[in-house]
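**Student:** One structure follows; several queries about it will come next.
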Amino acid sequence: MTSDQVKTGFQRAPHRSLLMATGVPRQDFKKPFIAVCNAYTDIIPGHCHLNQVGEWVKECIREAGGVPFEFNTIGICDGIAMGHTGMKYSLPSRELIADGVESMVRGHCFDAMICLPNCDKITPGMILGALRCNTPTLFASGGPMRAGRLDGKAIDLISVFEGVAQFNNGKIDEKQLEAIESSACPGCGSCSGMFTANSMNCLCEAIGLALPGNGTILADDPARRELWKRAAQRVVEMALAGGPRPRELITLEAVDNAFALDMAMGGSSNTVLHTLAIAREAGLDYDLDRINAISQRCPNVCKVAPSCAYHMEDVDAAGGIPAILKRIADIPDLLDTTCPTVSGLTIGEIIAAAEIKDAEVIRTLDNAYSKDGGLTILRGNLAEQGAVVKKAGVAASMLTFEGRAICFDSQEEACEGILDGKVKAGHVVVIRYEGPRGGPGMQEMLAPTSYIMGAGLGESVALITDGRFSGGTRGACIGHISPEAAEGGLIGLLRDGDPIRIDIPGRRLEALLDEAEIARRRAAAPAWKPRDLGGWLRRYALSVGNASSGASLL
């Protein structure tokens, strides 16, 4: 066992002494040492219950014959960090989490690891760290939140963001806004729609890192407690067997499976960013065109808030992620059903046992929302290295759109401009210098997109940015534009009034400017001056790649 490096032989007497000081009895030195990587923190709703989960998982590991050692990672709540400088730290925190996991696992020679994440950057950060160590690892998330209820309707966090704009425009009063904010988030768990947290936890099932149910069983459902128990038992088995290991599971075929699921369920656009980084860490050559090829073959059979009224609890009741995969499994050459998973079964065996319980939530192939996937990669002179749009959240009338640019050099400027009424029907809102390097940190754009929706402009205004969007974003919102403005991308040369054409079915994003005009502007453009916020973001900005590579550190 790997842990023999810290507990076996006379040279390790000091190590055993230190371990006994933590409460490990001598008879436990022959058992596998299991890391419990816990993202517990009081301030994130998706994580505030994970201290109790950690205790339960450790108890189950002991019963299964392992010795658990819990450590914690940091975590940033994107909803709370949204709309101020704190959001600049959200994506960079993924790298800190990966570094922390690598440091703890390598430093202490664990035989296996169970990860307890739930939200946004935490899940991919843990995956990156697990890939570096290649220790047998299983993911068991904290589970999604129940949808809120107000006046008999399901609501969620996005309802609150859009309520801000509705209040600002006089469509609701202060009492109504207070009722929305008091009802939208009823308890612990990752936010209840198909936002980034839930998208990534669902993808963990398809890529083979988690047991069935990981992405959809609610945080407060008794079935989630049983899932954590099974995960704890299984990770001890993996430690004794020496695998499977992350690099055995995360192959080109497994990543293809994950993106097929993403297309079928209309997941967050952030999954592109994170999964590209995961593939890169696994040593896989995976590019945006491969994602588009999957999108062209995979129909969008499931929509979840913010793209429709369904929430994660509805997906779970309909059969969960195995049921979605079962729906698309008969499409030729789409899924590789031979891929192994941490369960000990292949993904095909999991699919075979699945049951589709609701054909409204998980539509049939001939009744799909669209014949292609819920995410689309765009290219053109505004996105030479690619851009991403969550097609599943775009109204049919906005799939092709031509409008005039209104430019903002930060998210804060854009929010102020939208709330002040500067954005009108026919505009393409341009938010630039918010990429991984320019931001720095590539902050999410949930506030401006929600303000556009709340102002009733969702089918007459588009938004493009070199930043990124929350999984809660809906509308004609195109992010991850590469190269970003800070790299000299054309988005940084746009001026108010420039005509912009968006063609999502044609996978194009173009500024309707001739090459001579672009060359004149480029020659006259001043050198980019980085924002210096001090601290570690300065180092991050100097070493981060653009979105087309997953915003990985170079």
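**Student:** Can you give me the number of residues within the range 372-411 that are in contact (Cβ under 8 Å) with a residue 24 or more places away in the chain and out of contact with any Leu (no Cβ under 9 Å at 6 or more places or on another chain)? Give the derivation first.
**Tutor:** Within the range 372-411, the first condition is being in contact (Cβ under 8 Å) with a residue 24 or more places away in the chain, and the residues that meet it are 372-395, 397-411.
With out of contact with any Leu (no Cβ under 9 Å at 6 or more places or on another chain) added as a condition, the list becomes 372-376, 393-395, 397-401, 403-404, 406, 408-411.
Residues flagged as in contact (Cβ under 8 Å) with a residue 24 or more places away in the chain and out of contact with any Leu (no Cβ under 9 Å at 6 or more places or on another chain) within the range 372-411 amount to 20.
**Student:** Right, next: Between GLY471, GLY435, which is buried (at least 24 other Cβ atoms within 10 Å of the Cβ), within 19 Å of the chain's Cα centre (by Cα), part of a loop (DSSP other than H, G, I, E, B) and modelled with pLDDT of 95 or more?
**Tutor:** After ruling out the rest, the residue left standing is GLY435.
**Student:** Continuing with the same structure: Name the residues in the range 28-75 that are within 23 Å of PRO440 (Cβ to Cβ), of a type in the set (A, V, I, L, M) and open to solvent by less than 30 Å² (accessible area, probe 1.4 Å), would you?
**Tutor:** ILE44
**Student:** Being hydrophobic (A, V, I, L, M, F, W, C), open to solvent by 10 Å² or more (accessible area, probe 1.4 Å) and either modelled with pLDDT under 95 or not in a loop (DSSP other than H, G, I, E, B) (or both): is that true of ILE377 here? Quick ask: steps written out before the conclusion?
**Tutor:** On the way: hydrophobic (A, V, I, L, M, F, W, C): yes; open to solvent by 10 Å² or more (accessible area, probe 1.4 Å): no; either modelled with pLDDT under 95 or not in a loop (DSSP other than H, G, I, E, B) (or both): yes.
Answer is no for this residue.
**Student:** Now a separate question. Please indicate, with yes or no, whether at least one residue in the range 153-168 is touching a residue at least 60 places away in the same chain (Cβ under 8 Å) and farther than 28 Å from TYR451 by Cβ.
**Tutor:** no
**Student:** Something else: Which residues, taken from the range 387-426, are within 19 Å of ARG501 (Cα to Cα) and of a type in the set (Lys, Arg)?
**Tutor:** LYS390, LYS391, ARG404, LYS424
**Student:** How many of the residues in the range 33-58 are in a helix (DSSP H, G or I) and in contact (Cβ under 8 Å) with a residue 12 or more places away in the chain?
**Tutor:** Our first condition is that a residue be in a helix (DSSP H, G or I); within the range 33-58, this holds for 50-58.
Next cut, in contact (Cβ under 8 Å) with a residue 12 or more places away in the chain only: 50-51, 53-54, 56-58.
Qualifying residue count, the range 33-58: 7.
**Student:** For residues that are modelled with pLDDT of 95 or more, part of a loop (DSSP other than H, G, I, E, B), within 22 Å of SER190 (Cα to Cα) and open to solvent by less than 20 Å² (accessible area, probe 1.4 Å), tally how many sit in the range 76-120.
**Tutor:** 2
**Student:** Restricting attention to the range 531-553, which residues are surrounded by 15 or more Cβ atoms within 10 Å (Cβ to Cβ) and in a loop (DSSP other than H, G, I, E, B)? Explain how you work it out, then say what you get.
**Tutor:** So the first thing to find is which residues in the range 531-553 are surrounded by 15 or more Cβ atoms within 10 Å (Cβ to Cβ), and the list is 531, 533, 537, 540-541, 544-553.
If the condition is that a residue be surrounded by 15 or more Cβ atoms within 10 Å (Cβ to Cβ) and in a loop (DSSP other than H, G, I, E, B), then ARG531, LEU533, GLY545, ASN546, GLY550, ALA551, SER552 are the ones that fit.
**Student:** Does ALA206 qualify as being closer than 24 Å to THR251 by Cβ and within 19 Å of the chain's Cα centre (by Cα)?
**Tutor:** Yes; evaluated as a whole, the condition is true for this residue.
The values are calculated or read from the model by the stated rules, or taken from the named source; none is laboratory data. In this text, all values refer to a predicted model and were calculated from it rather than measured experimentally. Backbone-built Cβ (ideal geometry, glycine too); neighbour counts: all protein chains shown. Accessible surface is based on the protein model in full, side chains and every heavy atom, while ligands, DNA and RNA are left aside. Shrake-Rupley method; radii C 1.70, N 1.55, O 1.52, S 1.80 Å.
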